[in-house]
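Written below as structure tokens is the structure these notes are about.
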Amino acid sequence: MTTLISLIVAAVTFGTVLMYGTLGEILTEKTGNLNLGVEGIMYMGGAFGLAGAFYYEKAAGAAASGPLAIIIAIMSAFAAGMLASLIYSFLTITLRANQNVTGLALSIFGTGVGQFVGEFMRVNEGGYVALSNHLKDAFSAAIFPRFMINIPVVGNILFSHTVFFYIAVVLAVAMHFFLKKTKTGLYLRAVGESPATSDAAGINITGYKYIGTIIGGGISATGGMVYIMTTAGCVWNHEGLSGVGWLAVALVIFCIWRPLNAIWGSIIFGAMMIMYLRVTIPFIPTEIYKILPYVVTVIVLIITSMTNGRDKQPPASLGNNYFREER
């Protein structure tokens, strides 16, 4: 039982990173934009999020506030993700560049920018870049009181996580209601399903695509910051985020483009990614564990492709640029 609880808690920690990346990409893809640059966006989020908190602490010194450092890290990462997604949006929406090629280029570009910022800070500071123990505790601390965490079995599972997990859950629920219950959310989904019909109905196609993609990129970048500040211990790790963005893209398919599914889906993916550290089977190589999420995604993709339910399919215009003159 102790091993199982430990596995679940660790899965939630890693899954929280994936949840942000997945929710951001779901919002982006709901507009019809297929942004494959999530990997680069999360790298930028991790580097700029750490930079924001690090330089804030350097300026404030011993008076640095943990909650304020968290807010600054989130805002820095979100802004970096928005900037990267703005570049993607300009190229694919305004200039109508190929979305797949642009996304792959953004993945390489964003990874390079993140690596540069992280290494620049490290070299400029003359060593590794890390926050003080005081701020590290603020980023990694559980937000619920100790007596709730000490509740047998469910205490650790439900109440021992950082504030980032609960924010992600609230974000997933809010995104679900936004897309399903609000007029703006319905317009955004309509743009992703049929931009020509939406345009004929007077909906601002360009505006919805820009806003959905840019905000989605900001959310995904926050996941990169969460990884650096929790899993990596508030220390820049230029290899730690490798592959996380691609996992988030795969998780979007696994969750069949539903924000609520991202909550449990990210925990499952998190468990599969860290299982080799908790449940070791001698004759199974570590690499087999690490490809499990992708294998499961392919299976889900095959199953959903065989079903006739439209609600389990991607947005109809996903990956296709809209040319108004061809309407």
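The values are calculated or read from the model by the stated rules, or taken from the named source; none is laboratory data. Values in this document were obtained by computation on a predicted structure and should not be read as measured data. Reconstructed Cβ throughout: ideal geometry from the backbone, glycine too, with neighbour counts over all protein chains shown. Remember, those area values only see protein heavy atoms, side chains included, never the ligands or the DNA or RNA. Shrake-Rupley method; radii C 1.70, N 1.55, O 1.52, S 1.80 Å.
Could you compute the net charge surrounding residue 41? Neighbours are other residues with a C-beta less than 15 Å from the C-beta of residue 41; K and R count +1, D and E count -1.
Surrounding charge for residue 41 is -3.
Of 124, 100, 35, which is the most mobile in a GNM of the chain whose springs link Cα atoms less than 10 angstrom apart?
124
Of [x] 52, 42, 39; [y] 107, 43, 41; [z] 59, 46, 39, which is the value of Cα extents along the principal axes in Å derived from the coordinates here?
[z]
For residue 173 and residue 124 in one chain, what is 0.36 nm times their gap in residues minus the Cα-Cα distance, to one decimal in nm?
13.5 nm
Which one, 198, 120, 213, projects farthest toward the positive side of the charge dipole computed for segment 86-245 from Cβ point charges (K/R +1, D/E -1)?
Farthest towards the positive pole: 198.
Counting only helical runs of four or more DSSP H residues, what would the 222 nm mean residue ellipticity of the chain come to if each run contributes -39,500 (n - 2.57) and the total is spread over all its residues?
-23500 deg cm²/dmol
For a label point 7 angstrom out from the Cα of residue 153 toward its Cβ, which stretches of segment 1-37 have the backbone nitrogen within less than 20 Å?
Under 20 Å, as judged by backbone N against the label point of residue 153, lie 1-12 of segment 1-37.
Ignoring ligands and nucleic acids, what accessible area does residue 227 show with a 1.4 Å probe (Å², nearest 10)?
Surface open to solvent at residue 227 totals about 20 Å².
Provide the gained length on full extension for the span residue 144 to residue 65, in nm with one decimal, where the gain is 0.36 nm per separating residue minus the Cα-Cα distance.
Roughly 26.5 nm would be gained on extension.
So between residue 305 and residue 2, what do we pick up on full extension, going 0.36 nm a residue minus the alpha carbon distance?
Full-extension gain reported as 105.2 nm.
Taking the highest mean first, how do the peptides 261-267, 230-236 order by number of other beta carbon atoms within 10 angstrom per residue?
Packing order, densest peptide first, comes out as 261-267, 230-236.
Pairs 290/312; 136/290; 58/136: which are spaced more than 18 Å apart, C-alpha to C-alpha?
290/312; 136/290
Compare the peptides 210-223, 238-251 by average per-residue count of other Cβ atoms within 10 angstrom and give them in order, highest first.
Descending packing order for the listed peptides: 210-223, 238-251.
At 1.4 Å probe size, with no ligands or nucleic acids counted, give the accessible surface of residue 147 in Å², nearest ten.
140
Counting only protein chains, not ligands or nucleic acids, how are 12, 123 ordered by accessible area (probe 1.4 Å), most first?
Putting 12, 123 in descending order of accessible area: 123, 12.
Please report the accessible area of residue 122 (heavy atoms, 1.4 Å probe, ligands and nucleic acids excluded) in Å², nearest 10.
Its accessible surface works out to 100 Å², give or take rounding.
Quick check for you: with a 1.4 Å probe and neighbouring chains kept, what is the accessible area per residue of the chain, in Å²?
With the other protein chains kept in place, the chain gives 45 Å² per residue.
So, counting K/R as plus one and D/E as minus one, what does the shell of residues with Cβ under 13 Å around residue 73 add up to?
0
Where the centroid of each part is defined by its Cα atoms, how far is segment 84-104 from segment 142-157 in Å?
45
Apply the a/c threshold of 1.5 to the C-alpha gyration tensor of segment 1-132 and tell me whether it is rounded, prolate or oblate.
Here segment 1-132 falls in the oblate category.
Counting only complete DSSP H runs, which helices of the chain cover 18 Å or more along their long axis at the Cα atoms and score a mean Kyte-Doolittle of -0.5 or above?
Answer set is 2-30, 38-60, 66-89, 99-125, 163-181, 205-226, 261-278, 286-306.
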